[in-house]
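> Take a look at the following structure, please.
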Amino acid sequence: MENKRIIYPDVIRIVSAFAVVTIHVIGFMWDIIPIKSADWLTLAIYNGFSRFSVPVFVMVSGMFILNPQKEKPIKDLYTQNILRICTSYVFWSAIYLLFRFFISKDFSGINGFELIKSLIGAFLNGDSHMWFMPMIVGLYIAAPILKKVTANKKIMEYYLIVWFVLQICLGFIGTLPYLDFAAKVFDSIYMPVALNYSGYFVLGYYLSKYPLSKKTNAAIYVLGGLGAVCSIVMTIFFSLKAGKPTDKYLDYLLPTTALYSIAVFIFFKERFEKKAFGSKSRNMITRISLDSFGIYLCHLLFVRIIFLLPIELHIPVIIRVPVLAVIAFAFSLLMSALLNRIPGVKKYIV
């Protein structure tokens, strides 16, 4: 492995991959455990503190893809990055479809034309976690345009402000009780360039390129911590009020999650950008990071298998969640590492 490789994005990828696995482990218990129990409150806390995962993944992608100093022909963008995601999407959609059809029996009781339609729909839509891949494809398609934004610091800052106000803040106001009518007004402010996850994409490059002052970082840590706590408190409050679990206030495109994700990115950048690692540690971190995309793709298989096993773990959720997440992560890492060592597979599948 090259010693010049920047190590902190690798650390971020690994931590984010584990956070994604944790979220999906929680998902299998979210609607089952009574919301008034201490165990469910623990789930809500774990869920809230894991929500930096997807935003930070997108930020790391933007950090490299949107570097205007690294010219990448549009043809290469499509034949390498986008093609790999599309072929991976098709392959893993088929794998998850076969798993659901033969193992979890999700399509039992459906016959004839309805079965065929359900199978086609399940294949095209992918599994629940695979929404991430079309989203990334969209960002890659927009990358040559967004590079014109990242080439100018002032324009990039303007872009991020527009994104944060129109997408993150105004969208959040529309989710609040008694203010849902405002969502219609905000939806009419149509700004397609600065929507959804594009801000995280640009933000990743900005934070990697332009160091912030210590005071700014300290403020972001405070706001990020408050954001995480607020998202958890709102989730608990509105779930108890509704009498059923809700993850509405754990969405990735809310100011609470955005501030928390920015704080996490900066934390790992500050701690690991200049940290000296031994060659063995560096190689291990890099290797696991290279397997992180494969971990994301296959981890839900192992999470589902764990919860299909006829084994009841009579241990508190505070221990159960990290234990199951570590098990699912370890098996996912093993599968990803094995697939990455098969000639041709790395280029198109993981």
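> Take the Cα gyration tensor of the chain, multiply each eigenvalue by 5, square-root it, and list the three semi-axes largest first, rounded to whole angstrom.
30, 27, 23
> For ALA242 and SER37 in one chain, what is 0.36 nm times their gap in residues minus the Cα-Cα distance, to one decimal in nm? Walk me through the numbers before you get to the answer.
On the way: separation 205, 0.36 × 205 = 73.80 nm, distance 1.51 nm.
Extending this stretch completely gives an extra 72.3 nm.
> Let me ask another. What spacing in nm lies between the two simple spin-label points modelled at ILE141 and ASN125, each 7 Å away from Cα in the Cβ direction?
2.1 nm
> In the neighborhood of ASP291, defined by Cβ-to-Cβ distances under 12 Å, what is the net charge if each Lys or Arg adds +1 and each Asp or Glu adds -1?
On the way: positive: ARG13, ARG287, ARG341, LYS346; negative: ASP10.
Computed value for this residue: +3.
> Is there a pair in LYS275/LYS346; LYS209/LYS269; LYS75/LYS269; LYS70/LYS269 whose C-alpha atoms are over 23 Å apart, and which pairs would that be?
Details: LYS275/LYS346 29 Å; LYS209/LYS269 11 Å; LYS75/LYS269 32 Å; LYS70/LYS269 21 Å.
Long pairs (Cα-Cα over 23 Å): LYS275/LYS346; LYS75/LYS269.
> May I pose another question? Based on Cβ point charges of +1 for Lys and Arg and -1 for Asp and Glu, what charge dipole magnitude is obtained for region 271-311 about its Cα centre, in debye rounded to the nearest 20?
The dipole magnitude comes to about 260 debye.
> Send over a whole-number figure in Å² for the accessible area per residue of the chain, probe 1.4 Å.
In whole numbers, the chain has 51 Å² accessible per residue.
> Would you mind calculating the gained length between TYR348 and LEU309 on full extension (0.36 nm times residue separation, minus the Cα-Cα distance), in nm to one decimal?
Stretched out fully, the TYR348 to LEU309 stretch lengthens by 10.9 nm.
> A further question follows. Restricting to DSSP H runs of at least four residues, report the calculated mean residue ellipticity at 222 nm for the chain, -39500 (n - 2.57) per run over all residues, nearest 500 deg cm²/dmol. Intermediate values should be presented prior to the final figure.
Numbers: 16 runs with 239 residues, N = 350.
Mean residue ellipticity at 222 nm (helix-derived): -22500 deg cm²/dmol.
> Determine which lysines satisfy two conditions relative to LYS36: a Cα distance under 26 Å, and not lying fewer than 8 residues away in the same chain.
Counting by Cα, and skipping residues close in sequence, LYS36 has these lysines nearby: LYS241, LYS244, LYS248.
> Per the 1.4 Å probe, what fraction of the accessible area of the chain, in percent, lies on carbon and sulfur atoms?
68 percent
> Using the Karplus equation 6.51 cos²θ - 1.76 cosθ + 1.60 (θ = phi - 60°), what ³J(HN,Hα) coupling, rounded to whole Hz, does each residue of region 88-93 give in order, writing x for Gly and Pro?
So the J values, rounded to whole Hz, are 5, 4, 5, 4, 6, 4.
> How big is the dipole moment of region 208-283 about its Cα centre under a simple scheme where the beta carbon of each Lys and Arg is +1, that of each Asp and Glu is -1, and everything else is neutral? Debye, nearest 20, please.
So the dipole magnitude of region 208-283 works out to roughly 360 debye.
The values are calculated or read from the model by the stated rules, or taken from the named source; none is laboratory data. What you see is a predicted model; the values in this text were computed from it and never measured. In this analysis, Cβ positions are derived from the backbone assuming ideal geometry, glycine residues included, and neighbour counts consider all displayed protein chains. Just so you know, the surface numbers come from the protein's heavy atoms only, side chains and all, with ligands and any DNA or RNA stripped out. Shrake-Rupley method; radii C 1.70, N 1.55, O 1.52, S 1.80 Å.
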